[in-house]
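J.: What follows is a single structure, and I will ask about it in a moment.
The values are calculated or read from the model by the stated rules, or taken from the named source; none is laboratory data. Fair warning: this is a prediction, and the values are worked out from it, not measured in the lab. With ideal geometry, Cβ positions are generated from the backbone for all residues, glycine too; neighbour counts draw on all protein chains shown.
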């Protein structure tokens, strides 16, 4: 197009085009492949597997399930409600609710492809720890007392779905439907995230970043968490923003704190959750996660170069 790649617009456009191509190609391929496997996993089998197991086993399965389901924070809530209806301990369900939007196989593959395997491993490890211990802390406060009464009155069988077609053709149709449904739900947020990352990459001066976000100040991490909570995206959509931040010299811990707060704490998610849990549990959920993100951010800034 005759643009100067060193210009602000040229750098921003190059970032946008390259990331759109990489991220959407990975999205389609990974969601389809995981859809083929996920066609064998029904909500009923999940609930029956987790029910009545020791806490550590149930929590481990919930965190693992959250990590391999490509849900955003809002779309994780229906399965969270199903877990509550099935009588699974609420601390375990919160571990799922924390892990699901923060970690998934799509985001991990894209993280590795764009930011490298080391940062991807750090992000996954931090997310798993936050999900595991965040659920435990929630359980200490006995949040069952703050569940809305109508949830307890719902009969378990009302949420059951028909048995899926597990033939190869049926799994293929299911995987294609997963691609269409998930990409159709998140494409706007992915483009928005790439756009923000491109603007940040092309137009935000390095000097401003070094003075406000990369200066090693203690308040950098709280600022990142405070900025992330009002935003709404999923782990995939926030990756381009993180890429641009790291390229400007923002510390890893500050970047991870922003990614986690955007993915796992959002105003739309909290509004949906309010229909299920009361304000006390909602405030506890926000407080536990925000505190965990601060610890992760400060810890990585202190110990990881």
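J.: Just one of 247, 261 is at pLDDT below 90 and surrounded by 24 or more Cβ atoms within 10 Å (Cβ to Cβ); which is it?
T.: 261
J.: Residues of the stretch 215-240 being modelled with pLDDT under 80, crowded, with 19+ Cβ neighbours inside 10 Å and part of a helix (DSSP H, G or I), which ones?
T.: Those that are modelled with pLDDT under 80, crowded, with 19+ Cβ neighbours inside 10 Å and part of a helix (DSSP H, G or I): 228, 235, 236, 237, 238.
J.: Which number in (1) surrounded by 19 or more Cβ atoms within 10 Å (Cβ to Cβ); (2) part of a helix (DSSP H, G or I); (3) modelled with pLDDT under 80 marks the one condition that residue 207 misses?
T.: (1)
J.: In addition: With (1) modelled with pLDDT of 65 or more; (2) touching a helix residue (DSSP H, G or I) at 6+ places or on another chain (Cβ under 9 Å); (3) part of a loop (DSSP other than H, G, I, E, B) as the list, and residue 71 as the residue in question, which single condition is left unmet?
T.: So the condition that residue 71 fails would be (1).
J.: So the check is Cβ under 6 Å with 6+ separation or different chains; which pairs have a first residue in the stretch 284-298 that's modelled with pLDDT under 95 and a second one that's not in a helix (DSSP H, G or I)?
T.: Going by the 6 Å Cβ cut-off, the qualifying pairs are 284/141; 289/265.
J.: Can you name the residue in the stretch 30-46 that is part of a helix (DSSP H, G or I) and more than 22 Å from the chain's Cα centre (by Cα) and, of all such residues, is modelled with the highest pLDDT?
T.: Looking at the filtered set, the residue picked out is 45.
J.: Does the stretch 52-64 contain any residue that is farther than 15 Å from residue 132 by Cα and modelled with pLDDT under 80?
T.: yes
J.: Any residue at all in the stretch 124-135 that's touching a residue at least 12 places away in the same chain (Cβ under 8 Å), under 25 Å from residue 19 (Cα atoms) and crowded, with 21+ Cβ neighbours inside 10 Å?
T.: yes
For (1) under 29 Å from residue 29 (Cα atoms); (2) surrounded by fewer than 20 Cβ atoms within 10 Å (Cβ to Cβ); (3) modelled with pLDDT under 75, each residue gets a yes or a no:
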position	(1), (2), (3)
79	yes, no, yes
92	no, no, no
118	yes, yes, no
144	no, yes, no
159	no, yes, yes
170	yes, yes, no
173	yes, yes, no
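J.: Would you pick out the residues in the stretch 1-29 that are at pLDDT 75 or above and under 28 Å from residue 61 (Cα atoms)?
T.: Matches in the stretch 1-29: 28, 29.
J.: OK, next. Read through the list (1) modelled with pLDDT of 80 or more; (2) surrounded by fewer than 22 Cβ atoms within 10 Å (Cβ to Cβ); (3) closer than 22 Å to residue 242 by Cα, then give the number of the only condition that residue 103 fails.
T.: Here residue 103 clears every test but (2).
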